[in-house]
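Accompanying notes for the structure given below.
The values are calculated or read from the model by the stated rules, or taken from the named source; none is laboratory data. All values reported here derive from a predicted model rather than from experimental measurement. Here Cβ is always computed from backbone atoms with ideal geometry, including for glycine, and neighbour counts include all displayed protein chains. Only protein heavy atoms, including side chains, enter the accessible area calculation; ligands, DNA and RNA are left aside. Shrake-Rupley method; radii C 1.70, N 1.55, O 1.52, S 1.80 Å.
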Amino acid sequence: MYGRKITLSLLPALEIEDPKTYNSESWMNYLNERIPLLHGIAINNIKKAQEAQKKFYDKRSKIKYDYKVGDLIARKNLEKLSFHKERWSGPWEIIEKNNAEGTSIKIRQQDDTTGYLSTANIKHMRIWYPEINDASTSLRGEDGVMSG
């Protein structure tokens, strides 16, 4: 070939002196020996990479709090379009978990009599603390700006 000799990181012993000296049968035998070895090494590398990716994902996606049915939560206001809207709304009551992981939860407003149910992700929820949440809303004036 042209240029310098190539070396493969998977099998450094694979150096072809002159590719035109091989006949097709010996080359086929060589490949039948080496391809399964290369495949096994590649599979092991893929498994290592998947384990590292799973470890990184699991580290960042831990559930901060295990919510139970009947707990009161504050829900993040995702429709926040302007400065004057509250960041959190609530209290919301947890009705049931939608999936086995507990990341999707059915909730309803605590004082709601219509029976309207909503779905929320646990990333957008926090525990409802009445004294903290009521204090933050009572410090805001009618225009929504903090006073004091």
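In the context of the full protein assembly, Asp66 retains an accessible surface of approximately 90 Å², using a probe radius of 1.4 Å and ignoring ligands and nucleic acids. Accessible surface for Ser61 stands near 50 Å², nearest 10, in the context of the full protein assembly shown (1.4 Å probe). Ordered by solvent-accessible area of protein heavy atoms (1.4 Å probe), largest first, the residues Phe56, Phe83 come out as Phe83, Phe56.
Let me check I have the definition right: for the range 26-65, take the eigenvalues of the Cα gyration tensor, multiply each by 5, take square roots. What are those semi-axes in whole Å, largest first?
The answer is 39, 5, 4 Å, longest axis first.
Once the Cα-Cα distance is subtracted from the 0.36 nm per residue extended length, the Thr113 to Glu131 segment shows a gain of 4.1 nm. Largest first, the residues Glu101, Glu86 sort by 1.4 Å accessible area into Glu101, Glu86.
Between Asn121 and Ile43, what FRET efficiency follows from the Cβ-Cβ distance if R0 is 41 Å, with the result rounded to 0.05? Efficiency for this residue pair is about 0.70.
Among 46-54, 117-125, the peptide with the highest mean count of other Cβ atoms within 10 Å heads the list, and the full ranking is 117-125, 46-54.
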